[in-house]
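Below you'll find the structure, written out as structure tokens, and then a few comments.
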Amino acid sequence: MAIKHVIIGGGTAGWNAITTIREIDGGNSEIILVSDENPYSRMVLPYYLSREIGESHVFTASETRLGQLKVETRLGRRAVSLDPNANKVVLDDDEEIQYDNLLIATGSSPVRAPIPGADAPGVHSFWTLDQARQLAAELQPGTRVAMIGAGFISFTILDSLVQRGADLKIFEIAPRILPRMVDDTGAGIVAKWLADKGVQVQAGAEVTSIEESGGAKVLKFKGGPDVEADVVIMATGIKTNLEWLEGSGVEMNAGILVNDFLRSSESNIYAAGDVAEGLDCVTGEKAIHAIEPTAMQHGRVAGANMAGVETVYSGSLLMNIVGVLGLEIASFGSWDDPEAEVIEAVQPDRPAYRKLLFRGDRLTGAIILGSEGDVWTTNDVGILKGLVHSGNELSAWKEQLRKNPFDVKRAFLATGAAAALLPKTLLGRPSVPERDIAVSS
Amino acid sequence: MKALKIIPENCTGCMRCELACSYEQTGTFQPSKAVIRVSAFESHTSYSPYTCPQCAEAWCMTACPVEAIVISPAGAKDVVNDICVGCKLCTIACPYGTIFYDADLHKAFKCDLCGGQPACVSACPRDAIFYEEVQVTDWVGPFAAERAQAPGGPLAVGVN
Ligand SMILES: Cc1cc2nc3c(=O)[nH]c(=O)nc-3n(C[C@H](O)[C@H](O)[C@H](O)COP(=O)(O)OP(=O)(O)OC[C@H]3O[C@@H](n4cnc5c(N)ncnc54)[C@H](O)[C@@H]3O)c2cc1C
Ligand code: SF4
Ligand code: SF4
């Protein structure tokens, strides 16, 4: 009998696992996808919000395509419990599904600040397509938008809100913006850039409640004047979707603990993406990297292993990039490592910042800021990522970087980073575009 | 598969490859839009071009959330502008630093081997760039490493 793979969650990780299984087995297995939502990519939602793309552009697979890939679906349905001893998942309509291999790829959900009024109508999260639709429908030129939280997700939609003509104000409870993506110096440069462009961002602002007054929202602050808004967006963090696994016995820390094959404590249960706590290739420890590239890589490696091709994962690299009104902001690896040796520089004449973090002669983390139109920014973003990814010893070039932290491209070339990177592959081949995967009937 | 072979020893730093590349790619001479870029070593006495090695993994292509990167008939990983949303993920997924973001078009851009007739190859007057059946390798590393003893002063503007 054909082996039966059950995938819970059809986001980036789940979808990549499915395509990888099909690239390998050409249809010689049973795949059942259980997902609360149809497969799409969340990180494309900001471009839907700005109306640069239509709704169809966000989907990764249509139901027709899933059918062509011989994927049986349970869409709009949720897994509610797991019994590893019986190899069985239970869905919210009591259906029980048996599996040979299970992939848990249920991602994360947004959390709202626990304040009165947080769940009232007109207060939005921005995480799912449904939420994006609701917010998109409420925006008109001049709409007063108050966004609570100045972290990565908030910044991914900042440009879209400005493009839609929103009158935007952003509030962050932490003493500075982007607390989990850049350091103080970087945050200062971003804050100044936004202020110069007329976007109001206030750090150290604690919203205590959201009230209703004459059809508008009123944000109350600890020790500050009220702010009125038409629309409130809460971008106050995320949590991993693990509740349904309680009592299952699958080993969990902050996420599902997985080994180098993306297997959990149960050998036929895999986890991938935001829910998985797997190897960090820079620190060698386990971590959750709730980012798109990790979800993609986990999905592909888990998929290969599920399809019987033993594939070792060398770990994920934390990386984020976001542009706000023409300023590019990116960080890589252990960019906030307090024990690292730091080399940094800010250009006096333009908003350009490089921070290089070393453990010994290895670059283990980096932050880069610069104008999107600056050729040096476009050049160095990928080079910095590559230097961290390669894990190469920079030796003499470290001293050169101390003199000029902007000289990263030559350090990359001269230390043979490209040679070190060529054999460092995931599966050693690109994903096959989904339309080209041949499936036997 | 045919690929670009770079012989840095032959490069004189004339930058014609960058100019030809930007012209082929954008219709104007703007080295900042070139996808082959020349670096200087030894205080500007030696030079080498560097571009996408069309790596086997194609990190850029696999990372793209909207499948905007495809393999062209020439075997290049190529960005389809109409599909690209400009999210920049590919620019950090690629570890070679060879796919870039175009701030004017809001799209990613990279070497597409000019559809099989690379402009840089014809533009180079000194046999530093070839397009032939060849195993992908680190063409520039050993050359650059030899010249690393004297890293030299700050880079001149205009040389990437
Ligand atoms: C607006 C926005 C912008 C972003 N921008 C970036 C970016 O620029 N770069 C970046 O790296 N990352 C970005 N991210 C994060 C990125 O989208 C996530 O890391 C990625 O989607 C994780 O993939 P995943 O497959 O683990 O989870 P998800 O994509 O969240 O998929 C999980 C799926 O599981 C389903 N599900 C959940 N629970 C159950 C259940 N019990 N039963 C059945 N199905 C269930 C969900 O409905 C969903 O379909 C962004 C996210 C958002 C919201
Ligand atoms: S741009 Fe980078 S990831 Fe893409 S094919 Fe070239 S080297 Fe590989
Ligand atoms: S910038 Fe374009 S090509 Fe690159 S990952 Fe995003 S959508 Fe894909």
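The values are calculated or read from the model by the stated rules, or taken from the named source; none is laboratory data. These numbers come from a predicted model, not from an experiment. Cβ: placed from backbone, ideal geometry, glycine included. Neighbour counts: every protein chain shown. For accessibility, only protein heavy atoms count, side chains too; no ligands or nucleic acids. Shrake-Rupley method; radii C 1.70, N 1.55, O 1.52, S 1.80 Å.
Things worth noting here:
- Using only Cα coordinates, the Kirkwood hydrodynamic radius of region B:54-110 works out to 11.1 Å.
- Estimated FRET transfer efficiency when R0 is 30 angstrom, pair residue A:347-residue B:14 (beta carbons, to 0.05): 0.60
- Average beta-carbon neighbours from other chains, 10 Å sphere, peptide B:100-109: 4
- Taking 0.36 nm per residue of separation and subtracting the current Cα-Cα distance, fully stretching the chain between residue A:143 and residue A:312 would add 55.8 nm.
- Counting all C-alpha pairs of the protein assembly as shown, share separated by more than 47 Å (%): 14 percent
- Histogram of C-alpha separations across chain B, 5 Å bin width, %: 1, 9, 18, 21, 21, 15, 9, 4, 1, 0
- Accessible surface, region A:65-159, averaged per residue in Å² (probe 1.4 Å): 41 Å²
- Per residue, region B:1-146 exposes 38 Å² of accessible surface when a 1.4 Å probe is rolled over the protein heavy atoms with every protein chain present.
- Surface accessible to a 1.4 Å probe, per residue, for the residues of region A:326-421, Å²: 29 Å²
- The mean number of Cβ atoms from other chains found within 10 Å of a Cβ in peptide A:385-392 is 3, as a whole number.
- Among the residues of B:61-70, the average count of other protein chain beta-carbon atoms within 10 Å of the residue beta-carbon is 6.
- Entry note, chain A: the mean residue ellipticity at 222 nm calculated from DSSP H runs of n ≥ 4, each adding -39500 (n - 2.57), is -7000 deg cm²/dmol after division by the residues and rounding to the nearest 500.
- A simple packing score, the average count of other Cβ atoms within 10 Å per residue, orders the peptides A:52-64, A:395-407 as A:395-407, A:52-64, with the highest score first.
- Two numbers describe the Cα atoms of region A:1-144: Rg and Dmax, which are 17.7, 61 Å.
- Placing +1 on each Lys and Arg Cβ and -1 on each Asp and Glu Cβ, with no other charges, gives region A:326-421 a dipole about its Cα centre of roughly 240 debye.
- Here region A:123-236 is described by how far its Cα atoms reach on the three principal axes: 39, 32, 25 Å, from widest to narrowest.
- Cβ charges +1 (Lys, Arg) and -1 (Asp, Glu), total dipole of chain B, debye: 200 debye
- Size descriptor, Kirkwood hydrodynamic radius, that averages inverse alpha-carbon separations across region A:326-421, Å: 13.1 Å
- For the peptides A:188-197, B:52-61, the ranking by packing is B:52-61, A:188-197, with the highest mean count of neighbouring Cβ atoms within 10 Å listed first.
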